[in-house]
């Protein structure tokens, strides 16, 4: 991929990362990347390092020293012709700052790309929440442990939910559709309010108002949702329901509602909002079905309710965890 041999596998991996993150990345690009990746173990090592750095960037992305380095790197003028139209001006490199592995954008001999040079990333940590107002007036609320990326816009207002969950209150603009991509799927709206969640193997949409068009390529399906409707996609399987949007968006009011849900699922959801984790040390307890409404960030409330109901008892309780076993 790189026409400068001195930059080596690390530079190539960085430039591939930039290319594959661009909105105009093609199927041919992905096939070429796969060919490069599989051709040499050193390529695989370099790619793994870039991906690892990307995972950890949120911890230091707003550090003033890092931001200064990013500005300096992006300011270096290009000395070569185009390698790819739209390839990023900055390519990723791994660095260590304050003991944390991060992803920096370092100038290589590749031309500027508006798409990568201007992508903004917003993320929340465990128990966190963040509200972002976009240039068009749309508002995005990020749930705990979530990541959203927003590139500069053209004919479409495009946002990527990399992981977690977010609620979108979209400003009306019929000439510029608002598109949220997540896990290979997309949600398109003109003026509406909806919730999107993505996690490994699962994608969900809950519509509060307006209408959205949901594209789920794995299921080869396009679905129009009406207010109150929800869609959950797991591989090729699609589940639609009406009247469940309020429950799905309860997190906006710091509320999680469960209806005959397995306890291991309930615990996993509660643990997303707290550094103090609930732990089930009994296999039979994990499949026990429960119903209830619980406040996010309060694991002790769930633990106490389980004890009162004689479903589980607390056998350990400290600053890091609450361990439960069945009665």
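For the range 303-313, the count of residues that are assigned to a strand (DSSP E or B), in contact with a strand residue (DSSP E or B) (Cβ under 9 Å, 6 or more places away or on another chain), touching a residue at least 24 places away in the same chain (Cβ under 8 Å) and over 24 Å from residue 205 (Cα atoms) is nonzero. For the range 249-266, the tally of residues that are out of contact with any helix residue (DSSP H, G or I) (no Cβ under 7 Å at 6 or more places or on another chain) and not in a helix (DSSP H, G or I) stands at 6.
Could you grab me the full set of residues in the range 281-292 that are under 23 Å from residue 254 (Cα atoms) and in contact with a helix residue (DSSP H, G or I) (Cβ under 8 Å, 6 or more places away or on another chain)?
If the condition is that a residue be under 23 Å from residue 254 (Cα atoms) and in contact with a helix residue (DSSP H, G or I) (Cβ under 8 Å, 6 or more places away or on another chain), then 289, 290, 292 are the ones that fit.
Scanning the range 1-17 for residues that are modelled with pLDDT of 70 or more and either buried (at least 20 other Cβ atoms within 10 Å of the Cβ) or in contact with a helix residue (DSSP H, G or I) (Cβ under 7 Å, 6 or more places away or on another chain) (or both) returns 9, 10, 11, 12, 13, 14, 15, 16, 17.
Grab the strands (runs of 3 or more DSSP E) fully contained in the range 112-196, keeping just those with 1 or more residues being under 16 Å from residue 207 (Cβ atoms) and under 12 Å from the mean Cα position of the chain (by Cα). Don't jump to the end; show me each part of the working.
On the way: elements: 120-123, 130-133, 139-142, 147-150, 157-169, 178-182, 185-189.
Filter on the range 112-196 gives 157-169, 178-182.
Here residue 275 passes the criteria (1) crowded, with 18+ Cβ neighbours inside 10 Å; (2) out of contact with any helix residue (DSSP H, G or I) (no Cβ under 6 Å at 6 or more places or on another chain) except the one numbered (1).
Comparison of 324, 263, 285 shows that the only residue that is surrounded by 14 or more Cβ atoms within 10 Å (Cβ to Cβ) and either without any contact (Cβ under 8 Å) to a residue 24 or more places away in the chain or under 27 Å from the mean Cα position of the chain (by Cα) (or both) is 263.
The values are calculated or read from the model by the stated rules, or taken from the named source; none is laboratory data. These numbers come from a predicted model, not from an experiment. Heads up, the Cβs are rebuilt from the backbone with ideal geometry, glycines too, and the neighbour counts pull from every protein chain shown.
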